[in-house]
1. Against the 2.2 N^0.38 Å scaling, with N counting residues, where does segment 279-391 land? I'd like the Cα-based Rg ratio to two decimal places.
2. No solvent, one uniform scatterer per C-alpha: report log10 I(q)/I(0) for segment 323-389 via the Debye equation at q = 0.23 1/Å, two decimals.
3. Could you tell me which of PRO285, THR315, GLY326 has its Cα farthest along the dipole of segment 274-397 towards the positive end, charges placed at Cβ (Lys, Arg +1; Asp, Glu -1), taken about the Cα centre?
4. Could you identify which residue out of GLY64, GLY340, GLY229 has the top mean-square fluctuation in a GNM of the chain using Cα springs shorter than 10 Å?
5. Could you tell me the relative contact order of segment 257-337? Use alpha-carbon pairs under 8 Å, at least six residues apart, and round to a whole percent.
6. With a ≥ b ≥ c the root eigenvalues of the C-alpha gyration tensor of segment 65-108, is it rounded (a/c under 1.5), prolate (a/b larger than b/c) or oblate?
7. Using only alpha-carbon positions, what ratio does the radius of gyration of segment 37-78 give when scaled by 2.2 N^0.38 Å?
8. As a check on your grasp of the helix formula, calculate [θ] at 222 nm for the chain: sum -39500 (n - 2.57) over DSSP H runs of n ≥ 4, divide by the residue count, round to the nearest 500.
Amino acid sequence: MRSLLKLVIAGLMCLAAGKAGAESVKVGLIADFTGAFAVWGAQFQHGVDAYQAVYGKSVKGPDGKNIDVQFVYRDVASAGPAKSRQLAEELVLREKVQFLTGFDLSPQAMAIPDLITQAKIPTVIMNAGTASIVRTSPYFARVSFTVAQYTAPLGRWAARNGLKTAFVVVSDYAPGYDAETYFAKEFEAGGGKILGKLRTPQQELNYSTYLEQVLRAKPDAMFSFQPSGAPAVALVKAYLERGLKEAKIQFLGSGEVQQFLLPNYSDEIVGAISGFPYTETNTYPENLKLQMQLVKMYGERTESDVAAVEGWDGTALIYRSLALVGAGQDGLKYIEAMKGQKIDSPRGPISIDPETRDIIQNIYIRRVEKRDGRLVNIDFDEEKDVKDPWKIDNPAK
């Protein structure tokens with residue numbers, strides 16, 4: 001491993017020496033384009049393509065010259081962190097990328113901090129939500145969220161709004177633990193009681209036995225965190241089919257009811273509540289630009305999604321850093337340029353915390369409704385300028 005990293009670094013040094021006058025940049029995007037989590041890669045690419053269609057495939061550097069920005073895509077194929085690391089090494093060593101981005105699941109991003117640190121590659125996390133990831137390398141910045149950032153406000157909302165008891169069902173990996181911890185912490189701080197907690201395998205598709213335990217506990221609400229894609233769909237369908245809604249157990253979730261997943265459900269999903277950084281039906285100007293461009297490129301029934309927004313925002317942040325620093329510079333210069341950036345996003349105003357390199361944003365409480373014959377999320381409450389609570393609870397040493 002060490003010898004490979006030395007080869008990567010040597011290759012980058014040669015690249016930097018040879019492209020001092022070059023005005024082009026490659027960005028390597030790693031995500032799942034096939035397998036259980038295939039929705040992520042396609043949505044990231046939709047967001048990137050839409051941004052470049054609206055704002056161009058080049059950005060003007062500080063010297064006034066245009067810098068062409070080319071994205072190079074690699075498929076993790078739902079094969080896990082080892083595959084993510086392999087692809088990152090290939091992109092850095094063979095493709096000579098100057099940035100890395102993508103990373104839909106946390107294990108993918110957690111596989112590369114030593115690589116990007118030694119190779120000095122600025123890396124923009126588009127989705128992976130484990131709170132601690134950004135701290136593992138000074139070359140990370142994040143435009144998505146942390147799981148704690150949006151589950152804590154949902155826990156506070158639930159406690160304020162008549163829900164006295166809850167049962168927690170989360171996926172058995174780091175983001176699930178964050179979701180469990182921060183929903184429960186805030187719900188209990190507001191006077192609520194957690195009746196039970198379950199952790200499910202990351203690619204689980206049969207939730208019947210888990211939800212039977214929830215039914216027996218008779219909580220006011222079930223809080224869920226499952227990876228977006230097939231596991232999330234299976235969980236929601238089990239919630240409806242096993243009679244939890246009929247038992248008046250309120251569904252509280254997040255990515256399980258993203259817009260692009262709603263066509264998988266019957267109208268019984270109406271009334272499901274979630275906390276999330278992005279609601280597709282908002283009317284922010286950048287969201288309207290994104291929606292119009294997606295329809296133009298992919299057709300009327302294309303559903304935008306938080307991953308498309310993350311692709312859009314990740315591209316915007318890379319463009320901002322290139323505009324300030326130029327091409328072919330030291331990786332940390334780009335990270336420094338990203339700190340403190342304020343961006344008008346399709347989700348609303350966002351910024352990059354200059355201390356943590358993580359995102360600050362509004363968190364929206366939404367309800368699934370049926371409007372004009374379609375299932376959609378509608379915002380009805382929000383918390384503004386939310387920082388990651390995990391970092392507040394665990395200050396850097």
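The values are calculated or read from the model by the stated rules, or taken from the named source; none is laboratory data. Keep in mind that this is a model prediction, so the values were computed, not measured. A quick note on method: Cβ atoms are made from the backbone with ideal geometry, for glycine too, and the neighbour counts reach across all protein chains shown. Heads up: the accessible areas ignore ligands, DNA and RNA and are worked out on the full protein's heavy atoms, side chains in. Shrake-Rupley method; radii C 1.70, N 1.55, O 1.52, S 1.80 Å.
1. Numbers: Rg = 16.2 Å, N = 113, 2.2 N^0.38 = 13.3 Å.
That works out to 1.22 for segment 279-391.
2. -0.99
3. GLY326
4. With Cα springs under 10 Å in the chain, the top fluctuation among GLY64, GLY340, GLY229 is at GLY64.
5. Values: 31 pairs, mean separation 22.7, N = 81.
Reported as a whole number, the value is 28 percent.
6. Taking the square roots of the gyration eigenvalues as a ≥ b ≥ c, segment 65-108 is prolate.
7. Numbers: Rg = 13.3 Å, N = 42, 2.2 N^0.38 = 9.1 Å.
Expressed relative to 2.2 N^0.38 Å, the Cα Rg reads 1.47.
8. Details: 13 runs with 157 residues, N = 397.
Mean residue ellipticity at 222 nm (helix-derived): -12500 deg cm²/dmol.
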